[in-house]
1. Please compute the length gained on full extension between Ala195 and Asp345, using 0.36 nm multiplied by the number of residues separating them and subtracting their Cα-Cα distance.
2. What area, in nm² and to one decimal, does the C-alpha convex hull of region 115-253 cast on average over all directions?
3. I'd like to compare 120-128, 324-332: which one has the highest average count of other Cβ atoms within 10 Å, and what's the full order after that?
4. Ordered by residue, what ³J(HN,Hα) values in Hz, to whole numbers, does region 249-257 give under the Karplus form 6.51 cos²θ - 1.76 cosθ + 1.60, where θ = phi - 60° and Gly and Pro are x?
5. Which one of Thr367, Thr310, Thr344 has the biggest mean-square fluctuation once the chain is modelled by GNM with Cα springs under 10 Å?
6. Let me check I have the definition right: for region 1-79, take the eigenvalues of the Cα gyration tensor, multiply each by 5, take square roots. What are those semi-axes in whole Å, largest first?
7. Roughly speaking, what % of Cα-Cα pairs in region 101-156 are separated by over 13 Å, rounded to a whole number?
8. Under the Kirkwood approximation applied to all pairs of distinct alpha-carbon atoms, what is the hydrodynamic radius of the chain in Å?
Amino acid sequence: MISVEEALEKVLSYVKVLDREENPILQCLGQVLDEDVYSPIDVPPRDNSAMDGYAVKAEDTVGATPSSPVYLDVTGEVKAGAIAEEEVGALTALRIMTGAPLPKGADSVVQFEDTDEALRRERPLLQIGILHQVPKGQNVRRAGEDIARGQLVLPQGTVLRPSEIGVLASLGKETAWVIRRPVVAILATGDELVALGQPLPEGKIYNSNSFSIAAQVLRYGGIPQVLGIARDHARDIAGKIKEALSADMILTSAGVSMGDYDLVKDVLAKQGEVSFWTVRMKPGKPLAFGMIKGLPHLGLPGNPVSAMITFELFARPAILKMMGKKNLSKPTIEAIMESPIENTDGRRIFARAMVRREGDRYFARLTGPQGSGILTSMSRANGLVIVPEDVKEVREGESVKVLMLDWSEE
Ligand code: AMP
Ligand code: MG
C-alpha cells in the first residue's frame, strides 16, 4: 500500500499543463490566463463625475453653508456619455450625472444633497444654491485612476474569476488566451449497470458513477466525455477505451478490486503501463493509475462514495494542473468533532461530515452510516473529516482537520 501523498505525486508526475486557446472572455471563467494583458486605454478614459450633482469650480464654493448658500448660475446639463458644450466659468455650474465627463473649467462636483435643488420649483433651473463648501477634486474620478494606459493589468498565470472577466471587458478586450480545459473521458464498467431511462431488471443498479464523476469534472473546469457503460469483458472495455484516446485523461469506475470480473486492471496491463493498486485510505482503497497510449488513466473504485472521494483527492488536482493552476488543494479547517470515529486498520480515513460554524469555531458531525455505497451520506456532507493513519480513534470534543468540499452550511 502507498500513502495518499505518494499516490498524488505519482498521478501529478504524469499529467502536463495543456496548450493554449483563444476564447471569448465569458468562456474563460475559471481558466488560467496565458498572456500578459496590458491596457490599451486609460480606465476611466476621462475625468468624470462620481455623483449626480453640479460641476463647479471649488473656489466658487468657499464659505457656503446651509444658512448662507453660494448661488451659481446654471448654464446647462451633462449626461453620462455626452461631452458638455458649455464650459464652467466663474460663478457658474453645470448640472451633471454620474459617469458624465467633467466639463472644461470645472474641478469638482457638488452632490444634489448639498444643494437647494429639492426646494426649487422652476424647471429648467437657472440658479442653484450650494450649501457646503467643497475641496478641489471632490466627487471627481480621475482619468486612468483605475487602470493607466500601458499598464500590466493581469499577468500570465492569473485565474480568471468574474472580477477579472469584468476587468478584461473594461479594457474592451473580447477574447483572451488561456490554457485550455482538459477533456476527461468517463467510462463506467460492470455487468450490473443499467443506463438511465431503462427499466431496472432484478439484480441490476443504475449507473450513477458516470454522472457524479462527470459533474465533478464540470465543476472543476474540465469537459466530461461520457462514454457510457462497458460490460465486464476485456474486449468491451478495450473497445470503449479506444473511443477515449483523443481525450486528455480517462477515468474508469470499478473493476479495480480483487473480484474475478474486475477486468479494468487486466486490460490496462495489456494496453499500457500500470502504476499502483492500493492507497492507504478509506474509503477508496483500490485505485489504479496508468498510461494508455500516452493518456493518463485513473481507475477509480466502483463504490459510489469511494469514486467521488478518490476523484476529489487525485483526479481534481490532475485536472487543475492540466488547466495551469498552481493551487491544487482544497481548503482544510480545524473543527471540533461531535461524533466519535474509530480507525481500526491504520488507513487515512476521510469521513463524510457536515461542518457548521458557531461564533468563531467550527463543529463537525458525521452524516450517518459511512458505508462506501451510501451516496446520500455524501450528499448530506460539506466536508471530509481526516483521521490520520496512526490515530486509532477520535472522541467527541477532539479537534480534527476537515477537508472542505463546500463552504455552504446546511
Ligand atoms: P467493483 O469495483 O466492480 O467491485 O464495484 C464495487 C461496487 O460499486 C459494487 O457494489 C458495484 O455494483 C458498484 N458500482 C460499480 N460501478 C458503479 C456505477 N457506475 N454506478 C453505481 N455503482 C457502481
Ligand atoms: Mg464489478
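1. Length gained between Ala195 and Asp345: 50.4 nm.
2. The orientation-averaged projected area of the Cα hull of region 115-253 comes to 18.7 nm².
3. By packing density, highest mean first, the sequence is 324-332, 120-128.
4. The phi angles translate into 7, 10, 10, 10, 10, 6, x, 10, 8 Hz.
5. Thr344
6. Gyration-tensor ellipsoid for region 1-79: 61, 19, 11 Å.
7. 71
8. Computed over Cα pairs of the chain, the Kirkwood hydrodynamic radius comes out at 25.9 Å.
Here, each number is a calculation from the coordinates, and none is a lab measurement. Note that the structure is predicted; figures quoted are calculated from it, not measured. Don't worry about glycine lacking a Cβ; one is built from the backbone with ideal geometry, like all the others, and counts go over all protein chains shown.
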